[in-house]
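Visitor: Sharing a structure with you now.
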Amino acid sequence: QKEVEQDPGPLSVPEGAIVSLNCTYSNSAFQYFMWYRQYSRKGPELLMYTYSSGNKEDGRFTAQVDKSSKYISLFIRDSQPSDSATYLCAMLNGGKLIFGQGTELSVKP
Amino acid sequence: ETGVTQSPTHLIKTRGQQVTLRCSSQSGHNTVSWYQQALGQGPQFIFQYYREEENGRGNFPPRFSGLQFPNYSSELNVNALELDDSALYLCASSRQGGDTEAFFGQGTRLTVV
């Protein structure tokens, strides 16, 4: 079993939809939870990170962490075609990041 | 765009050859981590360098080695290339090893034939 599991998709939604992206993890010691966005042929770009449980909002993006369920989510409101990318969840373990497989998202105009 | 630059952007090597990939870290960052991202997969941690010393290693064989220079730039060397080494190699720089804000370069796409 992988330490971090993420549905690879692909996920296709119409412009303006609310998108929900999710990851599960197995190591209860994880404390920092990140979401990265990766456009084709580019490196990952940090969207936001959350410490421990709770919610964090940044514009159209909301990250949620439920440590009791070992489950994290990223919500995108009013999705735009420019949001089309691969979204990677990651957990910080010591000095290294442990990534999920990534979910490919396509937002259709 | 981040201040992390990688070179080259693409290269093609033959099985059994050796390759060196380079990374310039963002100003003010003294930690560089390398990741391998196979097609359709998330990045996997190879190793990390902090102030010129290896500071953690993932599950990669010894033919993957690295170096960090006094200006905190870094190299990743891979010997005896195998077909499965074909991947996007990513470099990330941060202020320290446990920093939540790591900035990635655009990657080097390596194809082994």
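The values are calculated or read from the model by the stated rules, or taken from the named source; none is laboratory data. Keep in mind that what you see is a predicted model, and the values were worked out from it rather than measured. In this analysis, Cβ positions are derived from the backbone assuming ideal geometry, glycine residues included, and neighbour counts consider all displayed protein chains. Remember, those area values only see protein heavy atoms, side chains included, never the ligands or the DNA or RNA. Shrake-Rupley method; radii C 1.70, N 1.55, O 1.52, S 1.80 Å.
Visitor: Output needed: percent of Cα pairs per 5 Å distance bin for chain A, bins running from 0 to the one holding the longest distance.
Guide: Using 5 Å bins, I get a P(r) of 2, 13, 25, 26, 19, 10, 4, 1, 0 for chain A.
Visitor: Still on this structure, I have one more. At most 16 other Cβ atoms within 10 Å and a DSSP loop assignment: could you name the trypsin sites (Lys or Arg not before Pro) in the range A:1-41 that fit?
Guide: Filter output for the range A:1-41: A:K2, A:R41.
Visitor: Give me the Debye-computed log₁₀ of I(q)/I(0) at q = 0.10, 0.21 Å⁻¹ for chain B, equal point scatterers on Cα only, no solvent, two decimals.
Guide: -0.25, -1.12
Visitor: Can you compute the charge dipole magnitude of the protein assembly as shown about its Cα centre, using +1 on each Lys and Arg Cβ and -1 on each Asp and Glu Cβ, nothing else charged? Give it in debye, rounded to the nearest 20.
Guide: Result for the protein assembly as shown is approximately 240 debye, rounded to the nearest 20.
Visitor: What FRET efficiency comes out for the pair B:H10/A:S68, r = Cβ-Cβ distance, R0 = 45 Å, nearest 0.05?
Guide: 0.50
Visitor: Using each residue's phi in the range B:15-23, evaluate 6.51 cos²θ - 1.76 cosθ + 1.60 at θ = phi - 60° and report the 3J(HN,Hα) Karplus result to the nearest Hz, with x for Gly and Pro.
Guide: So the Karplus estimates, Gly and Pro as x, are 3, x, 6, 10, 9, 10, 10, 10, 9 Hz.
Visitor: For the range A:17-26, just list the computed ³J(HN,Hα) in residue order, Karplus coefficients 6.51, -1.76 and 1.60, θ = phi - 60°, integers in Hz, with x standing in for Gly and Pro.
Guide: So the Karplus estimates, Gly and Pro as x, are 6, 8, 10, 10, 10, 9, 9, 10, 9, 10 Hz.
Visitor: Any idea which of A:I76, A:Y32, B:N71 is furthest toward the positive side of the dipole for the protein assembly as shown, if Lys and Arg beta-carbons carry +1 and Asp and Glu beta-carbons -1?
Guide: It is B:N71.
Visitor: If you don't mind, there's one more thing I want to ask. Using the Karplus curve 6.51 cos²θ - 1.76 cosθ + 1.60 with θ = phi - 60°, work out ³J(HN,Hα) for each residue of the range A:91-108 in order, rounded to whole Hz, and write x for Gly and Pro.
Guide: 10, 8, 10, x, x, 10, 9, 10, 9, x, 6, x, 10, 7, 10, 10, 10, 8
Visitor: Turning to a different aspect of this structure: Averaged across orientations, what area in nm² does the convex hull of the alpha carbons in the protein assembly as shown project?
Guide: Across all orientations, the protein assembly as shown yields a mean hull projection of 12.0 nm².
Visitor: A follow-up question, please. Which Cα, out of A:P8, B:A80, A:P44, lies furthest along the positive dipole direction of the protein assembly as shown (beta carbon charges, K/R +1, D/E -1)?
Guide: B:A80
Visitor: What accessible area per residue comes out for the protein assembly as shown, rounded to a whole number of Å², with a 1.4 Å probe?
Guide: 48
Visitor: Using modelled backbone amide H atoms (1.01 Å from N, in-plane), which distant-in-sequence or interchain residues come within less than 5 Å of A:D7's amide H?
Guide: Result for A:D7 returns A:N22.
Visitor: Additional query: Given a 1.4 Å probe and no ligands, DNA or RNA in the count, how much accessible surface is buried by A and B, both sides, to the nearest 100 Å²?
Guide: Protein heavy atoms only, the A-B interface buries about 1500 Å².
Visitor: On to the next question. Give me the one-decimal nm value for the distance between modelled label points at B:R95 and B:A38, 7 Å along each residue's Cα-to-Cβ direction.
Guide: Taking the two extended label points, one gets 3.6 nm.
Visitor: Let me spell out the model: positive unit charges on the Cβ of Lys and Arg, negative unit charges on the Cβ of Asp and Glu, origin at the Cα centre of chain B. What dipole size does that give, in debye rounded to 20?
Guide: 220
Visitor: Moving on. For the range B:46-88 and the range A:79-109, what is the centre-to-centre distance using only Cα atoms, to the nearest Å?
Guide: Using only Cα atoms to place each centre, the spacing works out to 24 Å.
Visitor: Determine, from the Cβ-Cβ distance of A:Y51 and B:N77 and an R0 of 22 Å, the FRET efficiency 1/(1 + (r/R0)^6), rounded to the nearest 0.05.
Guide: Result of the calculation: an efficiency of 0.05.
Visitor: Using a Gaussian network for chain A with springs between C-alpha atoms less than 10 Å apart, which of these wobbles most: A:A63, A:A85, A:A17?
Guide: So, out of A:A63, A:A85, A:A17, the one fluctuating most is A:A17.
Visitor: Which residues among the range A:13-32 fall inside the zone where the amide N is under 12 Å from a point 7 Å beyond the Cα of A:S106, along Cα→Cβ?
Guide: A:13-14
Visitor: Considering the options B:T20, B:Q36, B:G56, tell which one lies farthest towards the positive end of the dipole of the range B:17-81, charges being +1 on Lys and Arg and -1 on Asp and Glu at the Cβ, about the Cα centre.
Guide: Of the listed residues, the answer is B:Q36.
Visitor: Another question, if that's okay. Counting Lys and Arg as +1 and Asp and Glu as -1, what is the net charge of the other residues whose Cβ lies under 11 Å from the Cβ of B:L67?
Guide: So the environment of B:L67 carries a net charge of -3.
Visitor: I would also like to ask the following. Please give the charge dipole size of chain A, origin at the Cα centre, charges +1 on K and R Cβ atoms and -1 on D and E Cβ atoms. Round to the nearest 20 debye.
Guide: The dipole magnitude comes to about 200 debye.
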